[in-house]
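Notes follow the structure.
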Amino acid sequence: MEVVIRPDADDAGRTVAGIIHHAIVEGTKTLGLATGASSLGVYRDLARRHRQEGLSFADVDAFLLDEYIGLPPSHPQSYAQVIRRELVDHVDLDPVRVHAPRGTASDPQQEARRFERTLTAAGPVAVQILGIGVNGHIGFNEPGSSLASCTRLKTLTDDTRRDNARFFGGIDEVPRHVITQGLATIGRASHLVLIATGPHKAYAVAAAVEGPVSAMCPASILQLHPHATVVVDELAAARLEQQPYYRHIARHRPAGQGY
Ligand code: F6R
């Protein structure tokens with residue numbers, strides 16, 4: 001795992017966008033997309049790269065991590081709609097090639113299995129963007145999630161619903177249930193890139209990167225992955241004990257070595 005410390009959130013977003021840009025230029029055809037505030041800077045910079053540098057998503061299939069059960073794709077806070085607004089509308093990614101679990105499927109369990117099969121058939125996601133919850137969740141795998149889990153229905157903690165109430169009219173409007181890729185599903189992606197910014201993420205980042213691998217911190221599965229990059233701003237890095245080493249690596253990076 002490599003930990004990359006950037007001065008601020010914008011810089012962290014640009015770093016992750018750069019990783020994706022490089023992967024697409026190298027022929028990547030499958031991307032995994034996260035939603036939430038952390039990835040907005042990434043999408044902003046990808047849109048800029050599309051406009052100014054000709055970065056094209058025309059050959060890309062994109063897979064979302066999760067979706068709220070009960071929200072139709074037209075709901076402004078459904079993740080299908082968020083990704084459309086924040087990324088798809090600004091680049092040449094074909095909306096038909098953006099795949100998400102259907103939050104209004106009559107049988108969510110069956111829908112979860114369908115999505116897992118779609119992901120498996122498309123081959124491994126090449127680069128998976130991840131955010132992290134203050135409780136260490138990735139996707140919507142709350143603490144206690146099986147490290148071997150596949151896409152399935154999950155019940156959100158009230159802490160997560162409170163965190164996400166900022167996007168809704170209040171906590172009562174935040175759905176209780178979601179369909180989320182599991183930890184094993186996420187782990188099948190070839191490159192995991194987690195972005196975390198702000199002081200409220202500092203504990204979760206330290207637990208994920210330097211704590212034990214544990215279902216109590218689902219993001220700690222990154223420690224088991226052969227290619228994981230954690231991009232943080234100074235505030236989110238604040239509780240990392242090995243900061244001097246991460247900075248040492250950055251100073252002595254071999255020329256031309258990517259992430
Ligand atoms: C959403 C998702 C979540 C978020 C996490 C961080 O698709 O996968 O794991 O990435 O809750 O959310 P923000 O970035 O809003 O703090």
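The values are calculated or read from the model by the stated rules, or taken from the named source; none is laboratory data. Every value quoted in this text rests on a predicted model; they were computed, and no experiment measured them. FYI the Cβ positions are ideal-geometry reconstructions off the backbone, even for glycines, and counts take in every protein chain you see. SASA here: full protein model, heavy atoms, side chains in, ligands and nucleic acids out. Shrake-Rupley method; radii C 1.70, N 1.55, O 1.52, S 1.80 Å.
Residues checked against (1) buried (at least 20 other Cβ atoms within 10 Å of the Cβ); (2) touching a helix residue (DSSP H, G or I) at 6+ places or on another chain (Cβ under 8 Å); (3) more than 17 Å from Leu55 (Cα to Cα):
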| site | (1), (2), (3) |
| --- | --- |
| Val3 | yes, yes, yes |
| Pro7 | no, yes, yes |
| Asp11 | no, no, yes |
| Glu26 | no, no, no |
| Thr30 | yes, no, no |
ask   = If you check Arg113 against the conditions, is it more than 13 Å from the ligand (Cβ to nearest atom), of a type in the set (D, E, K, R), part of a helix (DSSP H, G or I) and open to solvent by 10 Å² or more (accessible area, probe 1.4 Å)?
value = yes
ask   = In region 116-142, what residues are exposed (fewer than 15 other Cβ atoms within 10 Å of the Cβ) and at positive phi?
value = Gly123
ask   = Quick one: what pairs do we get from region 167-180, first residue at negative phi and of a type in the set (A, V, I, L, M), second assigned to a strand (DSSP E or B) and within 16 Å of the ligand (Cβ to nearest atom), C-beta under 7 Å, 6+ apart or different chains?
value = Val178/Asp66; Val178/Glu67; Val178/Tyr68; Val178/Lys154; Ile179/Asp66; Ile179/Glu67; Ile179/Leu153
Filter result for His248 (under 16 Å from Ser38 (Cβ atoms), open to solvent by 70 Å² or more (accessible area, probe 1.4 Å), at pLDDT 95 or above and not aromatic (Phe, Trp, Tyr)) = no
key: Qualifying residues in region 134-145 (those that are of a type in the set (Gly, Ala, Ser) and touching a strand residue (DSSP E or B) at 6+ places or on another chain (Cβ under 9 Å)) - the one nearest to Pro101 (Cα to Cα)   = Gly139
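Arg176 - would you say it is surrounded by fewer than 20 Cβ atoms within 10 Å (Cβ to Cβ), within 12 Å of the ligand (Cβ to nearest atom) and of a type in the set (Lys, Arg)?
Details: surrounded by fewer than 20 Cβ atoms within 10 Å (Cβ to Cβ): yes; within 12 Å of the ligand (Cβ to nearest atom): no; of a type in the set (Lys, Arg): yes.
When the stated conditions are applied, Arg176 does not pass them.
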request  = Please specify each residue of region 66-86 satisfying the condition of being touching a strand residue (DSSP E or B) at 6+ places or on another chain (Cβ under 7 Å) and under 23 Å from Thr30 (Cα atoms).
outcome  = Asp66, Glu67, Tyr68, Ser78, Tyr79, Ala80, Ile83
request  = Search region 15-57 for residues being away from the ligand (no atom under 16 Å from the Cβ) and in contact with a Gly (Cβ under 7 Å, 6 or more places away or on another chain), and hand back the single one that is nearest to Pro244 (Cα to Cα).
outcome  = His22
note = Within region 148-164, restricting to residues that are part of a helix (DSSP H, G or I) and open to solvent by 40 Å² or more (accessible area, probe 1.4 Å), the one that is nearest to Leu65 (Cα to Cα) is Asp163
remark   = The lone condition Ile132 fails out of (1) among the hydrophobic types (A, V, I, L, M, F, W, C); (2) closer than 20 Å to Ser220 by Cα; (3) assigned to a helix (DSSP H, G or I) is (3)
message = Whether any residue in region 1-8 is touching a residue at least 40 places away in the same chain (Cβ under 8 Å), in contact with a strand residue (DSSP E or B) (Cβ under 6 Å, 6 or more places away or on another chain), part of a loop (DSSP other than H, G, I, E, B) and away from the ligand (no atom under 16 Å from the Cβ) is what I want to check.
response = yes
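Yes or no, residue by residue, for (1) closer than 29 Å to Ile19 by Cβ; (2) more than 16 Å from the ligand (Cβ to nearest atom); (3) at pLDDT below 95:
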| site | (1), (2), (3) |
| --- | --- |
| Pro73 | yes, no, yes |
| Gln77 | yes, no, no |
| His90 | yes, yes, no |
| His99 | yes, no, no |
| Thr118 | yes, yes, no |
key: Search result, residues across region 169-199 that are part of a helix (DSSP H, G or I) and out of contact with any Asp or Glu (no Cβ under 9 Å at 6 or more places or on another chain)   = Asp172, Glu173, Leu183, Ala184, Ile186, Gly187, Pro199
key: Qualifying residue in region 124-137 (condition: free of Cβ contacts under 8 Å to residues at least 40 places away in the same chain and within 15 Å of the ligand (Cβ to nearest atom))   = no
